1. Starting from 0.36 nm per residue, how many nanometres of slack lie between Phe215 and Arg113 once their C-alpha separation is accounted for?
2. Just how far, in whole angstrom, is the stretch 38-110 from the stretch 144-171 if you go by their alpha carbon centroids?
3. For the cross-link pairs Lys167/Lys209; Lys70/Lys209; Lys167/Lys222; Lys79/Lys244; Lys70/Lys213, which exceed 22 Å when the distance is taken from alpha carbon to alpha carbon?
4. Mind giving me the nanometre distance, one decimal, between the label points for Met106 and Asn242, set 7 Å out from Cα along Cα→Cβ?
5. Given H placed on each backbone N at 1.01 Å, which residues far from Phe211 in sequence or on other chains put an amide H within less than 5 Å of it?
6. Could you give the length gained on full extension between His43 and Lys70, defined as 0.36 nm per residue of separation minus the Cα-Cα distance, in nm?
7. Starting with the highest mean, order 123-129, 187-193, 137-143 by the number of other Cβ atoms within 10 Å, averaged over the residues of each peptide.
8. Give the long-range amide H neighbours of Tyr196: residues separated by 5 or more places, or on another chain, with amide H under 5 Å away, using H modelled in the peptide plane at 1.01 Å from N.
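Every number in this text was worked out from the coordinates using simple rules, so none of it is lab data. These figures come from a predicted structure and were not determined experimentally. With ideal geometry, Cβ positions are generated from the backbone for all residues, glycine too; neighbour counts draw on all protein chains shown.
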Amino acid sequence: MTFRIIGAAALIVSAIISLDAKAQTVAAGAAAASKASEPPYDHRDLTGVWMQAGGGTLSKYVSFTPEYAKIFQQHLDAKKAGNPFRHDEGLCLPAGIVGDMTEGFMGIEILARGGEFLINKETPNALYRIFLNRPHKPADELFPTFYGDSVGHWDGDVLVVDTVGLKSGYWLDAHFDHIPNSDQLHFVQRLQRVSYDTLENHVTIDDSKAFAKPFNAVVTYKLHPDWELAEAICTNERNVVNDKGEPTVKESEAGK
């Protein structure tokens, strides 16, 4: 009787293993079929219009230094009180390279020419260049900007982009929790086209003044070959920020 039970159990286990193997084979076949149906593409061809698949604040990844933890808490408290700090893009200022590549608002277009890539986002003033044929500028030639100095190189089929020379006084995610940063911000992207219509960006964000340690996130974009980016213009000359950092309206515009 015992041998029959053991034998039956062995048959059941064998059947489970067989079904699991069959399921894996079916899944692998489906993945291979999906891959085979993709149009041919070059893994190093990143050109086209891409839209981030999802988006959101980076704050869940961040560990602040004590000084910047206080600044961040001020932002959260002001937002909770219904009086959020100014919105850079709302004042016609760029979101900056980190926000543009991680927030998920509007499409981005990647263009290639010679020894560089150009990345443009469908928001005002959102254009930056990635140089493949030179090192970073010397320190005495760098001055802080929203998009910094971006230098790239290929690591296999991964485009590694190192960006320095980024300005302080704005935040990494203007649409969300307003993560503050200093002039020590350092942004590294690893862009890889993992399939015909999918681009992954493994980002590392470091700031020795603002963050207790570097943090990482993965951003995914989907290709939209039928999209064209529209002109993005910002002419907000009415809204300003007062000496308390509060959004208001120019006195000359208050009665209009």
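1. Computed gain between Phe215 and Arg113 is 33.6 nm.
2. 15 Å
3. Working: Lys167/Lys209 13 Å; Lys70/Lys209 13 Å; Lys167/Lys222 29 Å; Lys79/Lys244 15 Å; Lys70/Lys213 17 Å.
In this structure, Lys167/Lys222 exceed 22 Å between Cα atoms.
4. Output for this residue pair reads 2.9 nm.
5. Thr65
6. Details: separation 27, 0.36 × 27 = 9.72 nm, distance 4.35 nm.
Result: 5.4 nm gained on full extension.
7. Numbers: 123-129: 18.4, 187-193: 20.6, 137-143: 9.7.
Averaged packing, sorted descending, gives the order 187-193, 123-129, 137-143.
8. Those qualifying (amide H under 5 Å, at least 5 residues apart or on another chain) number zero.
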